[in-house]
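The values are calculated or read from the model by the stated rules, or taken from the named source; none is laboratory data. Keep in mind it's a predicted model, so treat the numbers as computed, not measured. Quick reminder, even Gly has a Cβ in these numbers, built from the backbone with ideal geometry, and neighbours come from all protein chains shown. Heavy atoms of the whole protein, side chains included, go into the accessibility calculation; ligands, DNA and RNA do not. Shrake-Rupley method; radii C 1.70, N 1.55, O 1.52, S 1.80 Å.
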Amino acid sequence: MTTFSTLQSIEKAWAERSTSVAGESRQSFERRERLLRSAIKDGIPTTRHEEWKYTSLRPLVDQSFRLWSSLPSPALDSAVDALVKSKLIPDATYLVFIDGILNARLSSLEELTSLGFRTLAEAESTNDASWWDFWQTSPGMNGLFAGINVGFVRDGALLELKKNQIVSRPLHILHVVTGHADAAASATRLLISVPEGARLRVFEDFISVSESSSGWSNGLTQFKLGPRADCGYYRVLSSPGKFHTATISAVLDRGSRFETFSLVAGSRLARINIDVKFTATDAECILNGLYLTRDQEHVDHHTVVDHQVGFCRTHQLYKGILADESRAVFNGKIYIRKDAQKTEAYQTTKNLLLSKNAEVDAKPQLEIDADDVKASHGAAIGSIDPLELFYLQSRCIGRAEAMAMLCRGFADDVVLRLQDKSAKSILSKHVSQWFKHEVSRGGSNT
Amino acid sequence: MAMLAINDLHASVDGKEILKGLSLSVNEGEVHAIMGPNGSGKSTLSKVLAGHPDYEVTSGRVEFEVNLRMRNVLDMAPEERARNGIFLAYQYPVEIPGVPNSAFLRAAFNAVCKHQGAKEVSEEAFAPILKEKCKLLGMDERFIDREVNVAFSGGEKKRNEILQMAIIQPRLAFLDETDSGLDVDSLRIVSEGVNKLRRQDNAVVLVTHYQRILNYIVPDYVHVLYQGRIIKSGKKDLALEIEEKGYDWLLKDFVN
């Protein structure tokens, strides 16, 4: 079996891929193999592994997803077509992947040209080893799912903006998992370079067609920010019943600004790793997120911010609302290295449990080796504040409606912090949808 | 018929009895002031009336006139009390991050509409209503876009309470130390707001430490609360006497 289940099966999938891909350069093959082998050298981690303590990969392993398929890109049925069209953000530049394969018709290829677009295959065949070194070694690339992605990814994109290029239309990257039985795990690799003085906003959505079938998306999205670059990255995972793993990596040069938001509103099991590294002074990273979970969903965010140099700022707020028997994990590391004086780093996670059976494992971690920094971290897990509830009730608002308002307010508190107006309104709509469903199924138990 | 009738009310918090047989009767159109030293039970009375979850009524009756019938308030959920016309202006208004003031006020307004069998209003239809109330109270409209009480100054929080009162239009307003922490200008603005909302058929109970607010909102009756009971009632002159002589002369008589 060429599946993600055992080390042997991964090896087998790799061998199968090696024989079925034609015309690949030796360098490209070796680049892929090197990362894959290093990622799987210790096997598939269990919960005994520190980084996987609260998230078991067993449900994903049990599904025995195919890692490799040489099938042509899936034919689009009208349902997928309609779904994609309903999800596209208005007035954006589109990049649409169906089961990991770029769909040219639904993407805006002409406009993409102005963003320095090339397919992953083009990038692999044209760029040299030293150019690739950056992308292969950026932070987080040593992770298991980054390696699996790099090894087996069939399609992806490189976007290389020009110096001082200000892009006003957002880039909307949409990934669809169709759940077709013969589809392999859907992997996409995106390399996004926002050089000196350039500006770009990226929306990346992971959606799925039906809730009943299974599916796995394994994303890899890498950013390189030049001096004074300004990049917003807003990702939304709404794939109820599906598996999702992701690696997000960003390297920040002098005076650059990276605003990210990770919204999870539907996923059977999600593990999202975000790694940010400051390589020069005066840069800023805003790292926010919101997970809304119900049923037996499991959402795990692992973030690492590495302050290697001084005079940079990190603001991180992750919030979660958990209903039913769902679980969430937040593990946030911030390293402030010895030379990173005058760093400012603030990290907070707040979680609202709507059910006795929901569980959050929050682990904020701040490691400071410099002596002149401002830093704080905190974690809160609780239920609805009875005083807030009473306040609303004493203003005529019924208990159920008051609960819904407070939950929504708890979520909006982080969404409203977004600096980008369109991001605020787009993410707000996703949150509304989740709450609408929550209300229609009769709300959550307390 | 009285609008509010409290009879021999006993209430406790954390197992400690605070109200020890309080009785009070309020009629339509009246303004009452409840004064008393710290710890006498003033705030407890307000909270018990509104149905605060931390306070337990151990005995006594609280009745409120609804459609010409006296109804047992203690059986009602907090929102039912509010919908039937009992309003508490908080001493310490609660901050609710993430909830816009406008959405909060509209939810309150619509809850009242629904209760009274009227149609609920849309966001668009509510905006001019809110605008008019802000104008009536001399309040900055920027208030309504902010999150409920978040990063409000003390004076702003108190004014927001009165704005809520203007939206809900209660029949009985309990103002719990609305004057505390207000400077002279804020006190005047808040008091004028309350006065503008007064009608023949509603009543106001001011719970206060000081006589100061009574210069603006003139009471018909003044009660002194001490050790969980009303130990003296009088007309507005009583407040002036307390201002002049303090509470000691009253308490001395009471203690023995």
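Per-residue answers, yes or no, for (1) under 19 Å from the mean Cα position of the chain (by Cα); (2) at pLDDT below 95; (3) within 11 Å of another protein chain (Cβ to nearest Cβ); (4) closer than 26 Å to residue B:46 by Cα:
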position	(1), (2), (3), (4)
B:79	yes, no, yes, yes
B:84	yes, no, yes, yes
B:88	yes, no, yes, yes
B:94	yes, no, yes, yes
B:98	no, yes, yes, no
B:125	no, no, no, no
B:138	no, yes, no, no
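Go through (1) crowded, with 16+ Cβ neighbours inside 10 Å; (2) closer than 22 Å to residue A:208 by Cβ one by one and return the number of the condition residue A:82 breaks.
(1)
Mind listing whichever residues of the stretch A:209-244 are among the aliphatic types (A, V, I, L, M), assigned to a strand (DSSP E or B) and farther than 19 Å from residue A:161 by Cβ?
Matches in the stretch A:209-244: A:220, A:236, A:237.
Residue check, residue B:185 against (1) under 12 Å from residue B:33 (Cα atoms); (2) open to solvent by 10 Å² or more (accessible area, probe 1.4 Å); (3) not in a loop (DSSP other than H, G, I, E, B), all met but one. Which one?
Tallying (1) under 12 Å from residue B:33 (Cα atoms); (2) open to solvent by 10 Å² or more (accessible area, probe 1.4 Å); (3) not in a loop (DSSP other than H, G, I, E, B), residue B:185 fails exactly one: (1).
Does residue A:58 fit the bill of being basic (Lys, Arg), within 26 Å of residue A:3 (Cα to Cα) and free of Cβ contacts under 8 Å to residues at least 40 places away in the same chain? Even if it seems obvious, please write down each step before you answer.
On the way: basic (Lys, Arg): yes; within 26 Å of residue A:3 (Cα to Cα): yes; free of Cβ contacts under 8 Å to residues at least 40 places away in the same chain: yes.
Yes, satisfied.
Check every one of the helices (runs of 4 or more DSSP H) wholly within the stretch A:348-446 and list those with 1 or more residues that are within 26 Å of the chain's Cα centre (by Cα) and within 14 Å of another protein chain (Cβ to nearest Cβ). Working first, answer last.
Details: elements: A:386-393, A:399-415, A:421-440.
In the stretch A:348-446, A:399-415, A:421-440 are the helices (runs of 4 or more DSSP H) which contain 1 or more residues that are within 26 Å of the chain's Cα centre (by Cα) and within 14 Å of another protein chain (Cβ to nearest Cβ).
Residue A:205 passes all but one of (1) touching a residue at least 60 places away in the same chain (Cβ under 8 Å); (2) out of contact with any strand residue (DSSP E or B) (no Cβ under 9 Å at 6 or more places or on another chain); (3) over 26 Å from residue A:70 (Cβ atoms); which number fails?
(2)
Output the number of the condition that residue B:228 fails; it satisfies all remaining conditions of (1) within 14 Å of another protein chain (Cβ to nearest Cβ); (2) on the phi > 0 side of the Ramachandran plot.
Looking at each condition in turn, residue B:228 falls short on (1).
Residues checked against (1) open to solvent by less than 70 Å² (accessible area, probe 1.4 Å); (2) in a helix (DSSP H, G or I):
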{"site": "A:106", "(1), (2)": "yes, no"}
{"site": "A:111", "(1), (2)": "no, yes"}
{"site": "A:115", "(1), (2)": "yes, no"}
{"site": "A:122", "(1), (2)": "no, yes"}
{"site": "A:125", "(1), (2)": "no, yes"}
{"site": "A:132", "(1), (2)": "yes, yes"}
{"site": "A:135", "(1), (2)": "yes, yes"}
{"site": "A:139", "(1), (2)": "yes, no"}
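Every residue, every condition in (1) surrounded by fewer than 22 Cβ atoms within 10 Å (Cβ to Cβ); (2) over 30 Å from residue A:411 (Cα atoms); (3) of a type in the set (Lys, Arg), yes or no:
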| residue | (1), (2), (3) |
| --- | --- |
| B:142 | yes, no, yes |
| B:154 | yes, no, no |
| B:175 | no, yes, no |
| B:194 | no, yes, no |
| B:202 | yes, yes, no |
| B:206 | no, yes, no |
| B:219 | no, yes, no |
| B:225 | no, yes, no |
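So, residue B:247, is that one of a type in the set (Phe, Trp, Tyr) and touching a residue at least 60 places away in the same chain (Cβ under 8 Å) or not?
So residue B:247 fits the description; yes.
Within the stretch A:46-70, how many residues turn out to be surrounded by fewer than 14 Cβ atoms within 10 Å (Cβ to Cβ), among the charged types (D, E, K, R) and more than 19 Å from residue A:329 (Cα to Cα)?
1
Working only within the stretch A:234-279, note down all residues that are closer than 16 Å to residue A:340 by Cβ, hydrophobic (A, V, I, L, M, F, W, C) and open to solvent by 10 Å² or more (accessible area, probe 1.4 Å).
Within the stretch A:234-279, A:251 is the sole residue that qualifies.
In this structure, does residue A:27 turn out to be in contact (Cβ under 8 Å) with a residue 24 or more places away in the chain, part of a helix (DSSP H, G or I) and open to solvent by 60 Å² or more (accessible area, probe 1.4 Å)?
Judged against the criteria, residue A:27 is a match.
Quick check on residue B:47: is it charged (D, E, K, R), open to solvent by 20 Å² or more (accessible area, probe 1.4 Å) and either out of contact with any helix residue (DSSP H, G or I) (no Cβ under 6 Å at 6 or more places or on another chain) or without any contact (Cβ under 8 Å) to a residue 12 or more places away in the chain (or both)?
yes
Among (1) buried (at least 22 other Cβ atoms within 10 Å of the Cβ); (2) more than 13 Å from the chain's Cα centre (by Cα), there is one condition residue A:188 misses while meeting the rest; what is its number?
(2)
Given the residues B:114, B:157, which is the only one that is within 14 Å of another protein chain (Cβ to nearest Cβ) and touching a residue at least 60 places away in the same chain (Cβ under 8 Å)?
When all the criteria are applied, what remains is B:157.
Would you mind stating whether residue A:299 is closer than 23 Å to residue A:50 by Cβ and surrounded by 24 or more Cβ atoms within 10 Å (Cβ to Cβ)?
Yes; evaluated as a whole, the condition is true for this residue.
Take residue A:393 and tell me if it is of a type outside the set (A, V, I, L, M) and open to solvent by 10 Å² or more (accessible area, probe 1.4 Å). I'd like the intermediate steps shown before the answer.
Values: of a type outside the set (A, V, I, L, M): yes; open to solvent by 10 Å² or more (accessible area, probe 1.4 Å): yes.
In short, yes.
Going by what's in this entry, would residue B:166 be described as touching a residue at least 12 places away in the same chain (Cβ under 8 Å), in a helix (DSSP H, G or I), on the phi < 0 side of the Ramachandran plot and not charged (D, E, K, R)?
Criteria met by residue B:166.
Would you mind stating whether residue A:349 is within 30 Å of residue A:268 (Cα to Cα), open to solvent by less than 10 Å² (accessible area, probe 1.4 Å) and of a type in the set (S, T, N, Q)? Full working, then the answer.
Working: within 30 Å of residue A:268 (Cα to Cα): yes; open to solvent by less than 10 Å² (accessible area, probe 1.4 Å): yes; of a type in the set (S, T, N, Q): yes.
Taking the combined requirement at face value, the residue satisfies it.
In the stretch B:224-231, is there at least one residue being under 28 Å from residue B:81 (Cα atoms), in contact with a strand residue (DSSP E or B) (Cβ under 9 Å, 6 or more places away or on another chain) and small (Gly, Ala, Ser)? Can you show your working first?
Initially, the stretch B:224-231 is screened for residues under 28 Å from residue B:81 (Cα atoms), giving B:224-231.
Filter again for in contact with a strand residue (DSSP E or B) (Cβ under 9 Å, 6 or more places away or on another chain), leaving B:224-231.
Restricting the remaining residues to those that are small (Gly, Ala, Ser) gives B:228.
Yes; the residues of the stretch B:224-231 include at least one that is under 28 Å from residue B:81 (Cα atoms), in contact with a strand residue (DSSP E or B) (Cβ under 9 Å, 6 or more places away or on another chain) and small (Gly, Ala, Ser).
Could you tell me which residue of the stretch B:53-86 is farthest from residue A:389 (Cα to Cα), considering only residues that are surrounded by fewer than 16 Cβ atoms within 10 Å (Cβ to Cβ) and in contact with a helix residue (DSSP H, G or I) (Cβ under 8 Å, 6 or more places away or on another chain)?
By that ranking, first place goes to B:61.
I'd like the full set of residues that are out of contact with any strand residue (DSSP E or B) (no Cβ under 7 Å at 6 or more places or on another chain) and within 14 Å of chain A (Cβ to nearest Cβ), limited to the stretch B:22-61.
Residues satisfying the conditions are B:51, B:52, B:53.
Working only within the stretch B:27-47, note down all residues that are over 16 Å from the mean Cα position of the chain (by Cα) and of a type in the set (Ser, Thr, Tyr).
B:40
Is it fair to say residue B:24 is of a type outside the set (Gly, Ala, Ser) and either surrounded by fewer than 22 Cβ atoms within 10 Å (Cβ to Cβ) or more than 15 Å from the chain's Cα centre (by Cα) (or both)?
yes
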